[in-house]
1. Expressed in whole Å with the largest first, what are the equivalent ellipsoid semi-axes of segment 171-247 derived from the C-alpha gyration tensor as the square root of 5 times each eigenvalue?
2. Multiplying the sequence separation of residue 352 and residue 79 by 0.36 nm and subtracting their Cα-Cα distance, what value in nm do you get?
3. Can you pull the three principal axis extents for the Cα set of segment 407-555, in Å, largest first?
4. Separation of segment 417-434 and segment 307-382 by C-alpha centroid, Å?
5. Can you tell me the Rg and the Dmax, both Å, for the Cα atoms in segment 318-439?
6. Taking Rh as the Kirkwood radius computed over C-alpha pairs, what is the Stokes-Einstein D of segment 443-508 at 20 °C in a medium of viscosity 1.002 mPa s, expressed in µm² per second?
7. Over segment 86-204, one equal point on each Cα, no solvent: what is log10 I(q)/I(0) by the Debye formula at q = 0.10, 0.24 Å⁻¹?
8. Under the Kirkwood approximation for Rh and a Cα-based Rg, what ratio Rg/Rh is obtained for the chain?
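Since every read-out is calculated from the coordinates, none of them should be taken as a lab result. Just so it is clear, the structure is predicted and the values come from calculations on it, not from any experiment. Here the Cβ positions follow ideal geometry from the backbone for every residue, glycine too, while neighbour counts run over all protein chains shown.
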Ligand SMILES: [Cu+2]
C-alpha cells in the first residue's frame, strides 16, 4: 500500500509555518524559500502545543524530506577544523590516562551562526584518542551534562564491562572509569554515546570522536601519517538548523525513519576548505551521520585508493571512483595529489544514482539523496619534504575459521500501523538537548531484529567465550539497514551468496544490508560480556536502534 500518499502535507499547515517565522535572511547561499521551509517548519513544531505538533508531524512529513527541488549551493569558506590528537598522560602507576569531559558549549557549525552543541573536552565532537596497541590505558569520562549518557568505544575489542553500552550509564556529574589493553590491528575507530533510546539525539547534539588504535603499521608502510597535514580526519555529519542556528532533531514523526539534515558538516563545520600539500593525501572518512548514507567521490570522477575499512587495513589498496559508506562505517582512502599543485578538488557524495534505490519508499530519500553534492573543498599547495607513499601490499589478514554454530538474524522495518506510536512519542518528547533541542522518539517498539525489540531486561543471544561464529543477517525490510556488532571485528563472507567487493574484504564492524539481501560474516568473540554488561548488535541508523532495532548478547 502506498502509505506515504496518505500523509502528504496539508497546504494550510505549510502556509502557517511560513507565516510564523520572522523574515530574516540568515544563510546567504540558501534561498529564503528553502530556509523558511526547513527552518520555520522545524522551529514552529517545537513551540506548538503538543497536540498540534503531533498532528502536523504526520501531515507535514514531506516538508523536511523533499519539499524543495533545488539544492542550496554551498559556498566553501573557512578552514577545516582538525580535531586534536590526544595521546594521554601517565598515571601514577605508569598507565596511560585519558580524561574526557562531556559538556555543552557553543560552536560555529555554519559561518555567522552560533549553535549550542555538546562535545568531549570542547563544544563539539572530541579529540582523536591515540590508543597504543598492547599497552594498558585508562579512560576517565566525566558527564558534565544535566542528564545521563554513556560513552561507547565503537569497534574496540574490550570486555562488556568496558564497552560503554546502555548499561554503563554515567549519571550527571559522575565519572566512569574504563581500563583495558587494546590488542587489535591499527584502525580508525570512534567513540560516541550509547544510552538506551537516546543515542540519536546525543550524537546529533555533537558527541562523537575518533579513536585511533596504533601499532606503527602506517609508519612502517610509509603511508601518509602527519596529522592535519597529509593525514586528515573527515567526520561527515548532516544536521538541520533553525534560523537562530539551533539544532533541530526529529521535528516530525516521519524522521523516525532516519533523521537527515540539510547542512553537511565536516569535523563540525559546514562546507570548509582543506589546504594540503601536493603529495599522497590520506583521508580517514567516518560517516558519523545519524541515518544518511554517502556515496563518496571526487571531482571529475578522479580515482582514489581504499586502504582501510572499519577495523583495519586491507591486504592491498583498492582503486575506486565511488565508495558507499553507511552510518558508522569508516574507510581510509589515499588520493594522489602529486601532480595537482595549485588545483582544487572536492570530496562529494554522488548520491543520486545509488541512494534512492536503497529503499522502496520515495519518502526515505530526500533532495540530497537524489542529487550529487560537494562536501569538502581541497586546495592543493606545495609539497612537503615528508610525503608518504602508496604501497602495493599493506597487511596480511588471517582468515577466520568457525568453531561454533551459526546464527540467523532478520531485520524488519516499520509498518505504517506503527506510525501513530511514533507520533504519540514525539508529542511527549523531552526538550532537554542543547538549546532545548528535542530528544525525539526513543524506546518505541518500531524496528525489530528477529521480531524482537530492544529490551534491556532480555539477553537475546548467548555465546561461548573463545567462539568463532558465522552470523547471517537478512534484511526483510523495505529500506536498507546497517548491522553493527560490539566487542569484535568481522570478516564478510558473502552478500547474497557472492563474495563482497574488495574494499569490504578486510576487517569490518558495521555493514550496510540492502533490502532482500542476506549478508554472512564471521567473527571471533574473545572477551567476556556478562549478563549485567552484555554486548549489543544493532542497526546503526540511530533512530532505528533507539526504537527497537537492537539486541543483547553475552559472551561467557
Ligand atoms: Cu536501520
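1. Semi-axes from the Cα gyration tensor: 30, 21, 10 Å.
2. In short, 95.5 nm is gained.
3. 44, 34, 30
4. So the separation of the two Cα centres works out to 33 Å.
5. Considering segment 318-439 through its Cα atoms, Rg and Dmax are 22.3, 62 Å.
6. On the way: Rh = 14.5 Å.
Diffusion coefficient, whole number: 148 µm²/s.
7. -0.31, -1.50
8. Working: Rg = 22.2 Å, Rh = 23.6 Å.
With Rh from the inverse mean 1/r over Cα pairs, Rg/Rh is 0.94.
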